[in-house]
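Q: The structure follows.
FYI, it's all coordinate maths here, none of it is from the lab. This structure is a prediction, so every number in the text was calculated from the model and none was measured. Note that we place each Cβ from the backbone using ideal geometry, even for glycine, and neighbour counts take in every protein chain shown.
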Amino acid sequence: MNTTWSRFNIVSLVIGFAFLYLPIVLLVVFSFNESRLVTVWAGFSTKWYVSLFNNKSFIDAAWVTIRVGLISATCATVLGTLGALALTRYTRFRGRMLFSAMIYAPLVMPEVITGLSLLLLFVAIGFDRGIWTVTLAHITFTMCFVAVVVQSRLVSFDRSLEEAAMDLGATPVTTFFKVTLPVILPAVVSGWMLAFTLSLDDLVISSFTSGPGATTLPMRIYSQVRLGVTPEINAACTILIAIVAVGVVIASIANKRREVQKARDEQAAARH
Amino acid sequence: MKSLGSFRRKFAPWNDPEAKPYISIENVTKKFGNFTAVDDLSLTIYNREFFALLGASGCGKSTLLRMLAGFEEPTSGRILLDGQDMRGIPPYKRPVNMMFQSYALFPHMTVEGNIAFGLKQDGMPANEIAARVAEMLKLVKLEQFAKRKPHQLSGGQRQRVALARCVAKRPKVLLLDEPLGALDKKLREETQFELMDLQMKLGLTFVVVTHDQEEAMTMADRIAVMDKGKVMQVATPAEVYEAPNSKFVADFIGNVNMFEGPVSTVVDGKVDIDIAADKITIRTDATRDCSSGQEVGFAIRPEKIRVSRKEPANSAINSAHGELYDIAYFGDMTVFHVRLESGRIIKAASLNAVRTVEDPLGYDDMVWVNFDTDAGILLTA
């Protein structure tokens, strides 16, 4: 491997990362700004964090977001996993190609369309808009992400594991809970986390489907920004970034550790 | 009457008209769409038998095994196990267990957990499970690995866990799909004998699928040679090797020199076959009915052919003269390739029973090959 750094490499790396992270860094820095003016630095302060936690509308919105996220991610994971199972297992049913394509379609569908169509549906069936309609809408659009993640794991899943379980006397249901689910669990968990993050930062679909008393955090931030950006919002965003960053770092460290341990075990086993 | 060379033990229920078959496969056909994987196949397997299904890939042997396990249902025909029709009985209710080619060990369970899995499904009390697991670990000599996960084991150890897991339930029949396929050569040879010992010790019926003829010959009481979804011959290893019933089986098992030609005379229990192209007249025992003029085949194994510089006494029959074209030295034996004038190569093998030979045969030597009238196999199919 070539390990020498040319000037060109360093410059392109710096520009690339600056492009990606400069806006975020700015936001984080200004969340600690003393001044009320967003773009003028007037010294370090945490007062905007304090005022954020005293702002009831922000805290309410955060709670709504978390509740919607937890419920919708969990439902989407169950439904998405079932869908992935059906699509990878029953390969010989009619219209399988159609169903496969249909599970991918919402991934590329413009959110405006998903949001609008859900709104029309809720209005048509007379479902009062509120936290439950937002949750339903989030289940709808996140479950296909879960299905795709779980499906990619199931493709490499050794079917003979299930056959072995059944051969040893396990009914199909026991086989699923004792063998299939534990083996695909990492994919299911990452599907859940993906669904949760998607739900957490969704603005468009939530705006279409929410009603009074069901304002999510992104909606709150967006409406606040229209009245002018305050450092309070910077603080809120910094907290969100911190949560996501910590989650990603923990997940990747755990993953790395597991891989290293597994590689070590396998080497040790080969030496016997 | 002379009998076949190798003889293993006096276990031969298939020759006993009173013996009741343990597994009866009756006219079983399995189709996948337009493809016929198993074609009107019938077989009987006896209790405590070590039975091998041998064939090239795609011959239907694995499909047959999967039908025994219950993963596939026959399109037509039926399978009886110990007198019970298996149709419609799901795999988890069949008294058979299967060892998978990939071993299919549960990666999230320890060795113990894997072995106990089947017992738990039967609702066996915990103390009995623990005792049975300990017994199985001892049987496959993995006592100190009980708490390991499958990925912490070597290939040979995984194979033994898989074996322990499927014998733990004491099935009526154990099905083994290429049980030694993933092991290296040396380990495979050791494990062959371990499997045979285990089968004797537990008194189970084994049905093993393999494409490795040596493996089948070493382990099995009887072999079913399969091709294109049909059974070509069912017989003991010695019979399959020394008395194949068809050109296919003769050719499939081991090395063989195959001749084809018309019968010229049938006299005194001897058949003369005229191989015009190679200018050879073959005289062989009339082990099958044939008549003058009929096209027949003649198969002879390399080790039944002698090679020498000296012209044999009666060089008009069962003899040919040619150039020593290739010599493959294996240590225990040497295989000579002798090229006749017609261009045909005849393979002859000789055992290197002595260490030193005066004037050994070398490349380009002109030699005679010859064989006895009872050395080859007359084939009419």
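Q: What FRET efficiency comes out for A:L227 versus A:L20 if R0 is 30 angstrom and r is the Cβ-Cβ distance? Round to the nearest 0.05.
A: On the way: r = 29 Å, r/R0 = 0.96.
E between A:L227 and A:L20, to the nearest 0.05, is 0.55.
Q: Express the Stokes-Einstein translational diffusion coefficient of segment A:45-101 in µm² s⁻¹, to the nearest whole number, given a Kirkwood radius over alpha-carbon pairs, 25 °C and a viscosity of 0.890 mPa s.
A: Numbers: Rh = 14.8 Å.
Using the Kirkwood radius from Cα pairs, D works out to 166 µm²/s.
Q: In the P(r) worked out for segment A:173-241, what percent of Cα pairs fall beyond 19 Å? Numbers along the way, then the final one.
A: Values: 1254 of 2346 pairs.
The calculated P(r) of segment A:173-241 puts 53 percent of pairs beyond 19 Å.
Q: Post the alpha-carbon centroid distance, segment B:213-235 to segment A:198-270, in whole angstrom.
A: 61 Å
Q: Please arrange A:V108, B:V231, A:V204 by counting, for each residue, the other beta carbons lying within 10 Å of its beta carbon, fewest first.
A: Numbers: A:V108 6, B:V231 22, A:V204 18.
Arranged by neighbour count, lowest to highest, A:V108, B:V231, A:V204 become A:V108, A:V204, B:V231.
Q: Select from B:D212, B:D221, B:D184 the residue whose mean-square fluctuation is largest in a Gaussian network model of chain B (Cα-Cα springs shorter than 10 Å).
A: Residue with maximal mean-square fluctuation among B:D212, B:D221, B:D184: B:D184.
Q: Could you sort out which of B:K172/B:K201; A:K262/B:K186; B:K230/B:K347; B:K20/B:K172; B:K120/B:K169; B:K141/B:K172 sit more than 18 Å apart by Cα distance in this structure? Working shown, then result.
A: On the way: B:K172/B:K201 14 Å; A:K262/B:K186 27 Å; B:K230/B:K347 30 Å; B:K20/B:K172 15 Å; B:K120/B:K169 10 Å; B:K141/B:K172 23 Å.
The answer is A:K262/B:K186; B:K230/B:K347; B:K141/B:K172.
Q: Of B:V167, B:V225, B:V296, which has the largest mean-square fluctuation in a 10 Å C-alpha GNM of chain B?
A: Maximum among the listed residues: B:V296.
Q: Determine the relative contact order of segment B:13-250: mean sequence separation of Cα pairs under 8 Å and six or more apart, normalised by residue count, in whole percent. Don't jump to the answer; show the numbers that get you there.
A: On the way: 440 pairs, mean separation 64.2, N = 238.
After rounding, I find 27 percent.
Q: Here's something else I'd like to know. Taking the Cα atoms only, what angle lies between the long axis of helix B:185-202 and the longest principal axis of chain B, rounded to 10 degrees?
A: 60 degrees
Q: How big is the Rg/Rh ratio for the protein assembly as shown, C-alpha atoms only, Rh by Kirkwood, two decimals? Can you show the working numbers first?
A: Details: Rg = 36.5 Å, Rh = 31.5 Å.
Answer for the protein assembly as shown: 1.16.
Q: Once both labels are modelled 7 Å past Cα along the beta-carbon direction, what's the A:K256-A:A105 spacing in nm?
A: It is 4.2 nm.
Q: Take the Cα of B:R339, step 7 Å along the line toward its Cβ, and report every residue of segment B:352-366 whose backbone nitrogen sits under 12 Å from that point.
A: Hits in segment B:352-366 for B:R339 at 12 Å: B:364-365.
Q: Using a 10 Å cut-off around each Cβ, can you sort B:E73, B:E128, B:E215 from fewest to most neighbouring Cβ atoms?
A: On the way: B:E73 14, B:E128 11, B:E215 22.
The fewest-first ordering by Cβ neighbours comes to B:E128, B:E73, B:E215.
Q: Further, regarding this structure: Hey, in the GNM for chain A with a 10 angstrom Cα cutoff, which one of A:I250, A:I59, A:I113 fluctuates hardest?
A: Per the Cα network of chain A with a 10 Å cutoff, A:I250 tops the list.
Q: Radius of gyration and Dmax for segment A:77-230's Cα atoms, expressed in Å?
A: That works out to 19.0, 66 Å for Rg and Dmax.
Q: Averaged over every viewing direction, what's the projected area of the C-alpha convex hull for segment B:255-379? Give it in nm², one decimal, please.
A: On the way: hull surface 30.9 nm².
Its Cα hull, projected and averaged over all orientations, spans 7.7 nm².
Q: Still on this model: Could you pull the Cα extents of chain A along its three principal axes, largest to smallest, in whole Å?
A: 70, 64, 34
Q: Report for the protein assembly as shown the percent antiparallel among DSSP-assigned beta bridges with both residues inside it, nearest 5. List each step's numbers first, then the result.
A: Values: 61 of 79 bridges.
Beta bridges within the protein assembly as shown, antiparallel portion: roughly 75 percent.
Q: Ok, one more. For chain B, build the convex hull from the C-alpha positions and give me its volume per residue in Å³. It would help to have the intermediate numbers written out before the result.
A: Details: hull volume 70.9 nm³, N = 381.
Taking only Cα atoms, chain B has a hull volume of 186 Å³ per residue.
Q: Still on this model: Counting only complete DSSP H runs, which helices of chain A cover 18 Å or more along their long axis at the Cα atoms and score a mean Kyte-Doolittle of 0.0 or above?
A: Details: long enough: A:7-31 (34 Å, 2.14); A:56-89 (49 Å, 1.11); A:96-108 (19 Å, 1.41); A:111-124 (19 Å, 2.22); A:131-155 (35 Å, 1.59); A:181-201 (30 Å, 1.62); A:231-270 (58 Å, 0.49).
Span-like helices here: A:7-31, A:56-89, A:96-108, A:111-124, A:131-155, A:181-201, A:231-270.
Q: Let me ask something else about it. Taking the simple approach of a point 7 Å from Cα along Cα-to-Cβ for both A:V50 and B:F330, what is their distance in nm?
A: A separation of 9.1 nm, rounded to one decimal place.
Q: I need the GluC sites (Glu not before Pro) found in segment B:289-381, filtered to DSSP loop residues with at most 10 other beta carbons within 10 Å of theirs. List each step's numbers first, then the result.
A: Working: sites: B:E295, B:E303, B:E323, B:E341, B:E358; in loops: B:E341, B:E358.
Passing both the DSSP loop test and the Cβ count: B:E358.
Q: Put one equal scatterer on each alpha carbon of segment B:92-197, apply the Debye formula with no solvent term, and list log10 I(q)/I(0) at q = 0.12 1/Å to two decimals.
A: -0.37
Q: In addition: Expressed as a rounded percentage, what relative contact order does segment A:56-232 have, with Cα pairs under 8 Å and six or more residues apart?
A: Details: 204 pairs, mean separation 73.0, N = 177.
About 41 percent, as a whole number.
Q: I would also like to ask the following. Could you give the nm distance between label points at B:N352 and B:K141, where each point is 7 Å from its Cα heading toward the beta carbon?
A: 3.1 nm
Q: Within chain B, what's the longest run with no chymotrypsin sites (Phe, Trp or Tyr not before Pro) in a DSSP loop and at most 16 other beta-carbon atoms within 10 Å? Give the range, please.
A: The reported range is B:12-329.
Q: Show log10 I(q)/I(0) for segment A:1-159 at q = 0.10 Å⁻¹, two decimals, from a solvent-free Debye sum over equal Cα scatterers.
A: At q = 0.10 Å⁻¹ the computed log10 ratios are -0.71.
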